[in-house]
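The values are calculated or read from the model by the stated rules, or taken from the named source; none is laboratory data. Everything numeric in this text was worked out from a predicted model, so none of it was measured. Here the Cβ is made from the backbone with ideal geometry for all residues, glycine too, and neighbour counts use every protein chain on show. Surface areas here come from the heavy atoms of the whole protein model, side chains and all, with no ligands, DNA or RNA. Shrake-Rupley method; radii C 1.70, N 1.55, O 1.52, S 1.80 Å.
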Amino acid sequence: MREHTKVVKIGDRVIGGGNSVLIQSMTNTKTEDSKATIAQIKHLEAAGCEIVRATVPTEEAAKALKEIKKEIEIPLVADIHFDYRIAVLAIENGADKIRINPGNIGGAEKLSYVVKAAKERNIPIRVGVNSGSLERHLLEKYHGVTAEGLVESALDKVHMIEGCGYDNLVISIKSSDVQMCVKAHRLIDKQTIYPLHVGITEAGTIFSGNIKSAIGLGIILGEGIGDTIRVSLTGDPIEEVKSAKLILRTLGLRAGGIEVVSCPTCGRTRIDLIGLANQVETMVQEFDHLNIKVAVMGCAVNGPGEAREADIGIAGGNGEGLLIKKGEVIRKIPEDRLLSELKKELMAWE
């Protein structure tokens with residue numbers, strides 16, 4: 001987190017100025033369908049999402065924001081492209097923040113209408129630029145898409161809004177190229193005090209997208225850059241939130257939540273360790289208030305020793321396992337009861 005950044009308020013949350021890095025995701029429902037959008041946002045809230053963005057391509061979608069806002073707990077960001085009137089309407093219907101690219105909103109005069117509406121309600125504008133939206137003159141200047149071009153484009157857009165007399169801003173510069181994205185954030189970090197929303201755009205599927213996002217966000221956040229994040233995945237938005245939480249915890253930027261460690265299996269394994277470990281990882285999401293380590297180990301060679309290093313753990317045997325708690329073997333448990341017994345222990349954890 002960048003302590004030198006400007007503090008920006010989004011709904012009842014604050015970013016920048018050394019505040020915690022917040023987790024964002026984006027709905028994939030039709031925003032016009034307020035019922036479906038509300039339902040998805042509630043699921044995202046339960047998973048740990050702290051700011052949610054919804055696309056607003058139509059007047060109907062902009063008007064739906066009012067109803068959506070009544071039913072959700074987290075700040076709502078309206079994602080706008082091309083039509084300044086929809087941006088103004090989204091603001092009027094309660095968006096806590098809007099995301100625009102000032103270069104495609106219809107010119108300086110139309111941009112001024114959007115800024116005026118945001119200024120009247122003191123809601124932030126996120127200036128979004130990505131590698132697919134780089135202007136032709138910057139492509140020619142830098143001989144293609146480059147980190148330098150992304151930064152220049154973003155700062156040009158910032159200056160356009162500042163020229164309208166407004167500085168309640170968040171900047172987003174994204175690329176699907178991890179190394180380019182890292183370089184761009186290093187560059188812009190030295191040139192602005194506005195908070196940065198960080199992500200590897202169009203990262204890919206849950207498998208490849210998680211790897212690219214973990215590497216890119218790990219480097220960027222590890223260098224103290226970034227105030228909000230989104231893990232962009234081709235999949236259920238819940239997966240984005242789960243991944244973001246784990247990235248922040250792994251970097252020491254977020255406390256709380258259970259860390260599951262498990263061995264990679266080998267020929268000594270005599271229980272269904274792969275299935276059990278996946279079940280445990282899903283189950284422990286119910287216990288986000290606990291800040292402990294749970295070990296799921298597959299055999300009696302290294303398992304008991306490694307499980308003792310966790311707060312609680314299972315070390316597999318032949319169709320059974322040892323339950324180990326705070327370094328002590330508590331009891332043997334049949335394989336088919338390992339998950340349920342572990343859950344009981346977590347429910348009673350103090």
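Listing for the model above:
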read-out	value
Prolate/oblate/rounded call for region 145-193, Cα gyration tensor, a/c under 1.5 rounded	prolate
Simple Cβ-charge dipole of the chain, Lys/Arg +1 and Asp/Glu -1, about Cα centre, in debye nearest 20	280
Whole-number accessible area per residue in Å² for region 1-58, which is evaluated in the context of all protein chains at 1.4 Å	43
Cα long-axis angle, helix 59-71 against the chain (0 to 90 degrees, to the nearest 10)	40
Nitroxide proxy distance, nm - points 7 Å out along Cα→Cβ at residue 70 and residue 82	3.0
Sulfur and carbon atoms: percent of accessible area, the chain [1.4 Å]	50
Residues residue 318 and residue 3, FRET efficiency given R0 of 56 Å [Cβ-Cβ distance, rounded to 0.05]	0.55
Sites matching GluC sites (Glu not before Pro) across region 268-312 that sit in DSSP coil, with at most 13 neighbouring C-beta atoms within 10 Å	309
Equivalent ellipsoid semi-axes - Cα gyration tensor, region 1-143, angstrom	24, 20, 15
Angle between the chain longest axis and helix 34-47 axis [Cα atoms, degrees, rounded to 10]	50
Segment residue 274-residue 250, extension gain: residue separation times 0.36 nm, minus the distance between their alpha carbons	6.4 nm
Largest to smallest accessible area among 137, 143 [probe 1.4 Å]	143, 137
Selection from 58, 80, 40 lying farthest towards where the dipole of the chain points positive, charges on Cβ	80
Nearest-ten-degree value, helix 338-347 long axis tilted from longest Cα axis of the chain	60
Cβ-defined net charge surrounding residue 118, 15 Å radius [Lys, Arg +1; Asp, Glu -1]	+4
Cβ-Cβ FRET estimate between residue 345 and residue 20, R0 fixed at 30 Å, reported to 0.05	0.50
Gyration tensor (alpha-carbon) shape descriptor, region 215-350, a/c threshold 1.5	prolate
Cleavage-rule hits (trypsin sites (Lys or Arg not before Pro)) in region 92-194: DSSP loop, at most 12 neighbouring Cβ within 10 angstrom	190
Test item: Cα-centred dipole of region 249-349, Lys/Arg +1 and Asp/Glu -1 on Cβ, debye	180
Relative contact order (%) - criterion: Cα under 8 Å, at least six apart; region: the chain	12
Highest-first arrangement of 149-156, 222-229, where packing means the average Cβ count within 10 Å	149-156, 222-229
Entries of 97/157; 70/119; 30/97; 70/212; 6/30; 63/110 with Cα pairs more than 28 Å apart	70/212; 6/30
Candidates per trypsin sites (Lys or Arg not before Pro) in region 257-350, loop by DSSP, up to 14 other Cβ within 10 Å	268, 326
C-alpha center-to-center spacing [region 125-166, region 218-246] in angstrom	23
About the Cα centre, charge dipole magnitude for region 107-251 (Lys/Arg +1, Asp/Glu -1 at Cβ), debye	240
Per residue accessible area of region 137-229, 1.4 Å probe, in Å²	39
